[in-house]
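Visitor: Before I ask anything, here is the structure I am working with.
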Amino acid sequence: ECKFWGLGGDGTVGANKNSIKIIGDNTNKYVQAYFQYDSKKTGGVTISHLRFGDHPIRSPYYINMADFVACHNPSYITKGYKMVQAVKPGGVFLVNSQWTFEELERHLDAEAKRYIAKNRIRLVMINAIDLAQSIGMGKRTNTILQSAFFSLAKVMPEAEAIGHMKDAATSSYLKKGQDVVDMNHKAIDLGATAYEIVAIPESWATAEDKDRGKPVGGRPATVKMVEDILFPVARMDGDSLPVSAFVPHADGTFELGAAAYEKRGVAVNVPEWNENTCIQCNRCAYVCPHATIRPFALSGQELAAAPEATKSAPIKAGKGKGEYTYAMAISPLDCMGCGICVNICPTNSLTMMSLESQGAQQAVFNYMVSEVAEKKELQDNKTVKGSQFKQPMLEFSGSCAGCAETSYARLITQIYGDHMIISNATGCSSIWGGPAATSPYTVNKEGKGPAWVNSLFEDNAEHGLGIYLGQKKLRDDLAEKVKILAEGADAETAEAARAYLDTYCDGGANQAAASRLIETLEKNPSCDICREILSGKDYLNKKSVWIMGGDGWAFDIGYGGLDHVLASGEDVNVFVFNTEVYSNTGGQASKASNIGQVAQFAAAGKEIKSKSLAELAMTYGYVYVAQVAMGANLEQTLKAINEAEAYPGPSLIIAYSPCEMHSIKGGMVNCQVEMKKAVECGYWNLFRFNPALESPFTLDSKEPVGGYQDFLMNEARYSRLTMEFPERAETLFTAAEENAKARYDHLVKLKKLYE
Ligand SMILES: Cc1ncc(C[n+]2csc(CCOP(=O)(O)OP(=O)(O)O)c2C)c(N)n1
Ligand code: SF4
Ligand code: SF4
Ligand code: SF4
């Protein structure tokens, strides 16, 4: 029984699939493999569980105690993951790192040392990281480590195993050239010999636990949840938690803001800010999917108290000039290193630098977030720049680096987060949005933040509507009582009650009016009706209700309910993250997938065009509808979000969301640029339909400028069809371009129709 700890994307899982196949195909042994993942979309922990033996295996569960455990990522040792504790007495613990033995000794915690010494564990060290570099394999350490495993585990004669590994490498890599094959063969030879079995000092048997340092700070309920649940779960040790640890969450609620405690430090490079060339446009913060780059405006006092590594410049223009100092804070340990901020910066004021080199910036970020006061006069929901002076209430989520879905959701929380309710369909957004105990949705300093809930894939729209109606009923009942006060109370109370009623339907203004009403009522403890209203004070202000999910939900499985909700005429907002596939489950085609797109269930390219959900919704005539693509037009996205919330009926925003599943050339660093290209060539169109206006339809996309085929060829979800079925690809791609032209012409006609 063997366990391998890897990092998502490092090749550990692939190598283990290969190993189990070699053993299964070439010996008489029975084999079994399970692969365990955490809930992070990238940069997460993977554990491969391999069993093999002479008898049939009847163990449909993960391995608890193994003969061999490998740690492929040294950060798991520094983070204190319980790995060696799962090695049977006398078994092998293989550690891959660039450390000397003394360094390993410093990083390994006392509990692990005691376990090793007391259970005669054979501790083996290997430096596959430098070895891979030295033979030109870059970061690909997996072949070396696989070979070390075969050499140490002795499942089959070593020479035989090496032979099979080499054969597998030859057949996998021959298409890439003989030099790649040779490199892999070299790695296999190296792995079998480059490890070292180290002697265990006697002192390890009595190693003493170190002081755990100062306890984490923050809201007590969150800190408790983080220490009791999040930290063990993050160490992949959640199975050891007693049921009692979950008693405070028996109703399914978890505290907001826990993701801020993870500090995963998974980026290799993170941005460094140049305060001298920056024009303070805040575009970098606007697109950052992970809320790890944020602008702040500091008073003289706040600047004086800031950490030494703080970089800043006087505010160059607009509000706050002459009064505040501007600082762009970056959180290196939360940044995912996607590089999107660098790509969007108009002045090249951001440069990717090694994570280590930016270590001092963490204290700067922490200081800004916790100590620098909001400067309300700089905040503006209607501008790209102003919106970024507001606190993001979605931060450090476990989405893929560069994910578009999170950039949209983060932006919405900056505008409405303190009075917002989200009903979220199952999909990527429920995984990055709410992995139990690590909520990336957070609260402001007053403790207010988005209430987030995940419903079923098939009923999320109805679920959101239900929340809205429940909230509305409570609020309407309270308003009846406030009306009585407005007519009969003392002047101050009556005035506060009237202000509340006058702003009843205006989310932003009603916030302030409700707070003032509460303050006034609290001054009248003897008034019965005041007490009755106060008993429902959380429901007084207007909430911004958002129903969110992917295209698989909105276009397909949840469509019946979505249609019902839009038809209801109620004041809810629907936000669809359109990745044009079911991303969370590996990229199955949806009705949003396009002609020629290769996806699961459409291996030879989808034949029919995508459904126009936007137009279906527009036919009601009383639904606000918009199509947006942040990277194509930052302002238009913001406009649509503001208009949707302001519209007093149902609203639907469909947001184009490039995704890992699209295999964009160059990777997700190009996510926002890809949106721009999609709109410029007419692949995706931007428009808004606002029934509140006399001319309701606005076409925000300009006439396509060509380059449609180049756009398709920039994404492997299309280009692979050219390799696999060249003739069919040509037919489908031509049809796709014609369809895109026809769609744009149709939108132009709609514009005229609604003028
Ligand atoms: C009724 C039902 N069918 C299937 C699933 C499995 N499932 C979970 S997420 C998902 C895909 C979601 O795709 P989409 O709505 O496009 O969101 P994305 O992941 O792309 O953000 C599926 C099929 C489910 N949870 N419920
Ligand atoms: S590199 Fe990506 S995650 Fe990091 S700050 Fe820039 S946009 Fe955000
Ligand atoms: S995008 Fe560039 S210029 Fe604009 S605020 Fe960010 S660093 Fe400064
Ligand atoms: S939507 Fe795509 S990019 Fe975003 S988390 Fe899901 S798979 Fe990753």
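The values are calculated or read from the model by the stated rules, or taken from the named source; none is laboratory data. Quantities reported herein were computed from a predicted structural model and do not represent experimental measurements. Note: ideal-geometry Cβ built from the backbone for every residue, glycine included; neighbour counts use all protein chains shown. Protein only, heavy atoms only, side chains kept; ligands, DNA and RNA dropped before computing areas. Shrake-Rupley method; radii C 1.70, N 1.55, O 1.52, S 1.80 Å.
Visitor: Compute the acute angle (0 to 90°) between the alpha-carbon long axis of helix 361-371 and the principal axis of greatest extent of the alpha-carbon atoms of the chain; round to the nearest 10°.
Guide: 30
Visitor: OK, next. Give me the mean projected area, in nm² to one decimal, of the convex hull enclosing the Cα positions of the stretch 2-206.
Guide: The directionally averaged projection comes out at 11.5 nm².
Visitor: About the Cα centre of the stretch 262-390, what is the dipole size in debye to 20, counting +1 per Lys and Arg Cβ and -1 per Asp and Glu Cβ, all else neutral?
Guide: Using Cβ point charges on Lys, Arg, Asp and Glu, the stretch 262-390 gives about 480 debye.
Visitor: Quick one: which residues, 5 or more positions from SER701 or on another chain, have an amide H under 5 Å from its amide H? H modelled 1.01 Å from N in the peptide plane, none for Pro or chain starts.
Guide: LEU686
Visitor: Among the listed pairs LYS473/LYS639; LYS88/LYS166; LYS40/LYS375; LYS382/LYS702; LYS611/LYS676; LYS390/LYS665, which have their C-alpha atoms separated by more than 24 angstrom in this model? Walk me through the numbers on the way to the answer.
Guide: Numbers: LYS473/LYS639 29 Å; LYS88/LYS166 31 Å; LYS40/LYS375 34 Å; LYS382/LYS702 22 Å; LYS611/LYS676 22 Å; LYS390/LYS665 33 Å.
Correct reply: LYS473/LYS639; LYS88/LYS166; LYS40/LYS375; LYS390/LYS665.
Visitor: Could you give the size of the charge dipole of the chain about its Cα centre, using +1 on the Cβ of each K and R and -1 on the Cβ of each D and E, expressed in debye and rounded to the nearest 20?
Guide: Computed charge dipole of the chain: roughly 880 debye.
Visitor: Also, quick follow-up: Let's see if you can work this out: charge +1 on each Lys and Arg Cβ, -1 on each Asp and Glu Cβ, no other charges. What is the dipole magnitude of the stretch 352-450 about its Cα centre, in debye to the nearest 20?
Guide: So the magnitude is around 220 debye.
Visitor: Return the whole-Å distance between the Cα centroid of the stretch 49-82 and the Cα centroid of the stretch 121-153.
Guide: 17
Visitor: Same structure, new question: Per the helix-only calculation at 222 nm, which mean residue ellipticity applies to the chain, given -39500 (n - 2.57) for every DSSP H run of n ≥ 4 and division by its residues, nearest 500 deg cm²/dmol?
Guide: When only DSSP H runs of four or more count, the value is -11500 deg cm²/dmol.
Visitor: If you plug each phi of the stretch 460-477 into the Karplus form 6.51 cos²θ - 1.76 cosθ + 1.60 with θ = phi - 60°, what whole-Hz ³J(HN,Hα) values come out, in order, with x for Gly and Pro?
Guide: In residue order, the calculated couplings are 5, 5, 4, 4, x, 5, x, 4, 4, 5, x, 4, 5, 4, 4, 5, 4, 5 Hz.
Visitor: Now, a different point. How far is the Cα center of the stretch 731-755 from the Cα center of the stretch 641-704, in Å?
Guide: One Cα centre to the other: 15 Å.
Visitor: Ranked by accessible surface with a 1.4 Å probe, highest first, in what order do ASP418, ASP490 come?
Guide: ASP490, ASP418
Visitor: Evaluate 2.2 N^0.38 Å with N set to the residue count of the chain, then give the Cα radius of gyration divided by it.
Guide: 1.05
Visitor: Per the 1.4 Å probe, what fraction of the accessible area of the chain, in percent, lies on carbon and sulfur atoms?
Guide: 54
Visitor: Give me the accessible area per residue for the chain, probe 1.4 Å, as a whole number in Å².
Guide: I get 43 Å² per residue for this part.
Visitor: Using Cα pairs closer than 8 Å and at least 6 residues apart in sequence, work out the relative contact order for the chain, in percent.
Guide: 8
Visitor: May I ask you to evaluate 6.51 cos²θ - 1.76 cosθ + 1.60, the Karplus curve with θ = phi - 60°, for each residue of the stretch 675-680 and list the ³J(HN,Hα) values in order in whole Hz, giving x for glycine and proline?
Guide: Values, residue by residue: 5, 4, 4, 4, 6, 4 Hz.
Visitor: Hey, can you grab everything whose amide H is under 5 Å from the amide H of ASN454? Only 5+ residues off in sequence or another chain; H modelled, so Pro and N-termini drop out.
Guide: Residues meeting the criterion, in which the H sits 1.01 Å from N, are ASN424.
Visitor: In the stretch 15-65, which trypsin sites (Lys or Arg not before Pro) are in a loop and have at most 13 other Cβ atoms within 10 Å, using DSSP for the loop call? Don't skip to the end; give the middle numbers.
Guide: Details: sites: LYS17, LYS21, LYS29, LYS40, LYS41, ARG51, ARG58; in loops: LYS29, LYS40, LYS41, ARG58.
Answer by residue number: ARG58.
Visitor: Could you give the angle, 0 to 90 degrees to the nearest 10, between helix 491-502's Cα long axis and the longest principal axis of the Cα atoms of the chain?
Guide: 70
Visitor: Per-residue HN-Hα couplings for the stretch 306-315, Karplus 6.51 cos²θ - 1.76 cosθ + 1.60 at θ = phi - 60°, whole Hz, x for Gly and Pro?
Guide: 6, x, 4, 6, 4, 10, 7, 8, x, 4
Visitor: Follow-up. Between the stretch 337-385 and the stretch 210-264, what is the C-alpha centre distance in whole Å?
Guide: That distance is 27 Å.
Visitor: Right, here's the next one. What is the set of long-range amide H partners of VAL87 at a cut-off below 5 Å, with H atoms built 1.01 Å from backbone N?
Guide: ALA66
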